[in-house]
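These notes concern the structure reproduced below.
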Amino acid sequence: MAGVESNSGAAEFAQPDRGENIAPSLTAKMNDVKMRNIAKTSSIPSTLRLILAAPNVLVTKINRERLGKMSNPFSMAISRLTDRVLTVTDTAEEKLQKTLLIFACGLMGFAAMLWLVIYHAMGIKYSATVPLIYLAVSAATLGIYVWNLNFAFFRFAQTSLYLFVPFIMQWSIGSYVTSSGVMLWALLAPIGVMVFQGPKESVPWFFAYLVMTAVSGFFDYYLAYGTEKTSGLPMQTIAVFFVLNFAAMSTIVYLLVVYFVRQKDRLKEALDEQHSLLQIEQDRSERLLLNVLPGHIAERLKRDPTVIADGLADCTVMFADLTDFTRLTEELPPRDMVAMLNEVFSWFDGLAEQYNLEKIKTIGDAYMVAGGLLDHDVRYTEAIVNMALDVRDRIAEMKSGTSEPLGIHIGIGSGPVVAGVIGVKKFIYDLWGNAVNVAARLTSEATTGGILVDATTYRRLRGLYQFEGPEPLTVKGQRQLTAYRLIAKLPQVATAAQAEVA
């Protein structure tokens, strides 16, 4: 039964649709395991085991062929090495340092192999062992790093090799001259530390490089190395190695710098992209903030997120309240009701922006707007009244979802107010004061299609607009409230305004 269940799972796994969604390498490994499990089942005859294993063999072969088409062994090895040494917790700078050091390790390994071949071909057996030992130690440190992921150890070991191996090479050959300046390779150590860790950390390594250089100079001066007799190398060969050492060293430094600069550019591009995304999100957040708070209040809140409260000597406040809206909420589907309310209030928002007024908030089916919150706004009372007339005329032309005409009543009050921001998680900019209370109460007293203003507003605009009244009102919280009904703008004023616009 175990063999039959294993075969069932293998056959299911070998279906084309599922095979295409699973990595070929994982599929091959799982099929190999299933083949071994089938082979271990002694209770099944060998012929049956071969039949059961045949689909797995076919799938494994197909996956291996697919793997061969996907990538070559070298690229697969590089990919696995990258996945191993670069972790998800690494920052972009750490990933750059790791890849750069592994790249330098590969370049130095290639140079060591080249020097090993050249030394061996020229018969310099003793000096040829130095590059061989370097390759072995360098490969060992890389293997240890891949095993335990101790990047600090790997970096220290590679830097030490870069510093000491070139001097050992020089001492094994003879002098500065006979070794063709091979010690120049040691300069990679302080340069590498500067790239990987920073200028401050590279100072001890550069000091060690200078000390080793001085020691080598001491040996050359007092032991009198450097002649053709003591080195056994002709001057032509020494000259060739000078060229090779300087050219190879310069090439490796150049390639490392090029690689470093390219990676830095990629990192910069990634940072620029992140900055662009952050800027987009910041702009979006600011737009959302401006939808809640007036622009000048939002700027103050960003600069100083403390309590914001202003006492305004004068302000004009308007409430516009849709009439009989409770009945509409019962008759209309919720989606239609919200859509209609959104259409109406969105048009109100456009009017408020047109007249340079500040929308304060919506309360159910009521809309609150104010003028005079900004210092440069001097004709705010007139702007409020103009908006009220536009709202009244526009609402009279609109119909609800039940094809019934909409109605609205409006109240306007002027006077001192206190303005401020309240809330911590959900900010709201609100107004408090007698002008707010008067406007709200005039709204409730106004008839459908009517606009009531207080005495202060009337006195300011009676030469510009047509009013009816006064109408004494007895309102809760007020001893006596005198209201005036706004009818329209006076004809001569309207004509002058049209001419000014033209």
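The values are calculated or read from the model by the stated rules, or taken from the named source; none is laboratory data. Only a predicted model underlies this, so the values are computations on that prediction, with no experimental measurement involved. For neighbour counting, all protein chains shown are included, and Cβ atoms are generated from backbone atoms with ideal geometry for every residue, glycine included.
Looking at this structure, is Glu330 exposed (fewer than 12 other Cβ atoms within 10 Å of the Cβ), in the same structural domain as Ala388 (by TED's automatic domain parsing), over 23 Å from Arg394 (Cα atoms) and free of Cβ contacts under 8 Å to residues at least 12 places away in the same chain?
yes
Going through Phe196, Phe154 one at a time, which residue ends up being touching a Lys or Arg at 6+ places or on another chain (Cβ under 8 Å) and in contact (Cβ under 8 Å) with a residue 24 or more places away in the chain?
Phe196
If we scan the stretch 400-421, do we find a residue that is surrounded by fewer than 16 Cβ atoms within 10 Å (Cβ to Cβ), assigned by TED's automatic domain parsing to the domain that holds Val453, within 27 Å of Leu490 (Cβ to Cβ) and not hydroxyl-bearing (Ser, Thr, Tyr)?
The answer is no, given that none of the residues of the stretch 400-421 is surrounded by fewer than 16 Cβ atoms within 10 Å (Cβ to Cβ), assigned by TED's automatic domain parsing to the domain that holds Val453, within 27 Å of Leu490 (Cβ to Cβ) and not hydroxyl-bearing (Ser, Thr, Tyr).
Within the stretch 297-309, which residues are touching a residue at least 40 places away in the same chain (Cβ under 8 Å) and either within 12 Å of Gly415 (Cβ to Cβ) or surrounded by fewer than 14 Cβ atoms within 10 Å (Cβ to Cβ) (or both)? Break it down into steps so the answer makes sense when it comes.
Here is the first cut: in the stretch 297-309, the ones touching a residue at least 40 places away in the same chain (Cβ under 8 Å) are 297, 301, 307-309.
Scanning the stretch 297-309 gives Val307, Ala309.
Return the residues of the stretch 333-356 that are exposed (fewer than 12 other Cβ atoms within 10 Å of the Cβ) and among the acidic types (Asp, Glu); say none if nothing qualifies.
Passing the criteria: Glu343, Glu353.
Test each condition in (1) surrounded by fewer than 22 Cβ atoms within 10 Å (Cβ to Cβ); (2) in contact with a Ser or Thr (Cβ under 9 Å, 6 or more places away or on another chain); (3) part of a helix (DSSP H, G or I) for Arg392 and report the one that comes out false.
(2)
Just give me the residues in the stretch 432-460 being of a type outside the set (A, V, I, L, M) and assigned to a helix (DSSP H, G or I), in sequence order.
If the condition is that a residue be of a type outside the set (A, V, I, L, M) and assigned to a helix (DSSP H, G or I), then Asn434, Asn437, Arg441, Thr443, Ser444, Glu445, Thr456, Thr457, Tyr458, Arg459, Arg460 are the ones that fit.
Exactly one condition in (1) buried (at least 21 other Cβ atoms within 10 Å of the Cβ); (2) more than 17 Å from Ile487 (Cα to Cα); (3) of a type in the set (A, V, I, L, M) is false for Ile384; which is it?
Every listed condition holds for Ile384 apart from (2).
Could you count how many residues in the stretch 353-367 are of a type in the set (A, V, I, L, M, F, W, C), out of contact with any helix residue (DSSP H, G or I) (no Cβ under 8 Å at 6 or more places or on another chain) and touching a residue at least 24 places away in the same chain (Cβ under 8 Å)?
1
Give just the number: which of (1) at pLDDT below 70; (2) under 38 Å from the mean Cα position of the chain (by Cα) does Phe246 not satisfy?
Only one criterion is unmet by Phe246, namely (2).
Just to check your reading of the model, which residue among Tyr367, Tyr429, Tyr380, Tyr355 is under 22 Å from Glu331 (Cβ atoms) and of a type in the set (Ser, Thr, Tyr)?
Of Tyr367, Tyr429, Tyr380, Tyr355, the one residue that is under 22 Å from Glu331 (Cβ atoms) and of a type in the set (Ser, Thr, Tyr) is Tyr367.
Take the residues in the stretch 175-216 that are closer than 21 Å to Thr99 by Cα, assigned to a helix (DSSP H, G or I) and among the small types (Gly, Ala, Ser); name whichever of them is farthest from the chain's Cα centre (by Cα).
Pass one, the stretch 175-216, residues closer than 21 Å to Thr99 by Cα: 185-199, 201-202.
Checking the rest, the ones that are also assigned to a helix (DSSP H, G or I) come to 185-196, 199, 201-202.
So of that shortlist, the ones also among the small types (Gly, Ala, Ser) come out as 186, 189, 192, 202.
Working: Ala186: 41, Ala189: 36, Gly192: 31, Ser202: 33 Å.
Step by step, filter the stretch 175-216, then rank; the result is Ala186.
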